[in-house]
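Undergrad: Could you have a look at this structure, given as structure tokens, before my questions?
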Amino acid sequence: MGRRYKSDFDEHQPEDKYAAAERKVKRLKGFYTHLIVYLCVNIFIVFVNINNLDPGESYFKMENFFTAFFWGIGLAAHGLSVFGHIFFFWKQLGRAQNKRIHGQGERQQMGIIGILIR
């Protein structure tokens, strides 16, 4: 739903778009920095855990994956906050469904009225 009136602030819109783009780039940089730190720290933890294994001991124990798992949940939440509009398009899907349903309802209603009139 767009504005139907002209505002005094319209002349400032390009700056607002620039500021919005700047915020988006900052959020992207923040996420990718978080991802790189996550990967580096977890790779380091894997090497430390492998070096501390006893002979014949398996690496695949729960305690070796706690950091990666719980930090991964936080990283996923951070990713959704940055890229959520790409993955979750419920609003657009809901609009499309409403158009489809309401469009069919009008056609069906007109059909019934048309039958009654004839």
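The values are calculated or read from the model by the stated rules, or taken from the named source; none is laboratory data. Remember, predicted model here, so these are calculated numbers, not experimental data. Because the Cβ atoms are built from the backbone with ideal geometry, glycine has one as well, and the counts that use them run over all protein chains shown. We work out accessible area using only protein heavy atoms, side chains counted, and drop any ligands, DNA or RNA first. Shrake-Rupley method; radii C 1.70, N 1.55, O 1.52, S 1.80 Å.
Undergrad: In sequence order, what are the phi-derived ³J(HN,Hα) couplings for region 46-54 according to the Karplus relation 6.51 cos²θ - 1.76 cosθ + 1.60 with θ = phi - 60°, rounded to whole Hz, with x for glycine and proline?
TA: 4, 5, 5, 5, 5, 5, 8, 6, 6
Undergrad: Tally Lys and Arg at +1 and Asp and Glu at -1 over the other residues with C-beta under 12 Å from the C-beta of Ala21: what net charge comes out?
TA: Net charge around Ala21: +2.
Undergrad: Determine the sum of side-chain charges near Tyr32: Lys and Arg each +1, Asp and Glu each -1, restricted to other residues whose C-beta is under 14 angstrom from that of Tyr32.
TA: Summing Lys and Arg as +1 and Asp and Glu as -1 gives +4.
Undergrad: Another question about this same structure. Please report the accessible area of Ile43 (heavy atoms, 1.4 Å probe, ligands and nucleic acids excluded) in Å², nearest 10.
TA: Ile43 exposes around 90 Å² with every protein chain in place.
Undergrad: Hey, with R₀ at 25 Å, roughly what FRET efficiency would Ala21 and Leu80 work out to, going by the Cβ-Cβ distance, to 0.05?
TA: Plugging the Cβ-Cβ distance into 1/(1 + (r/R0)^6) gives 0.75.
Undergrad: Now for a different question. Show me, for region 59-74, the HN-Hα J-couplings you get by feeding each phi into the Karplus relation (A = 6.51, B = -1.76, C = 1.60, θ = phi - 60°), rounded to Hz, glycine and proline as x.
TA: Working through the residues one at a time gives 6, 7, 10, 4, 5, 7, 10, 4, 4, 4, 5, 6, 5, x, 5, x Hz.
Undergrad: Counting other Cβ atoms within 10 Å of each Cβ, which trypsin sites (Lys or Arg not before Pro) in region 20-89 have at most 15 and sit in a DSSP loop?
TA: Lys61
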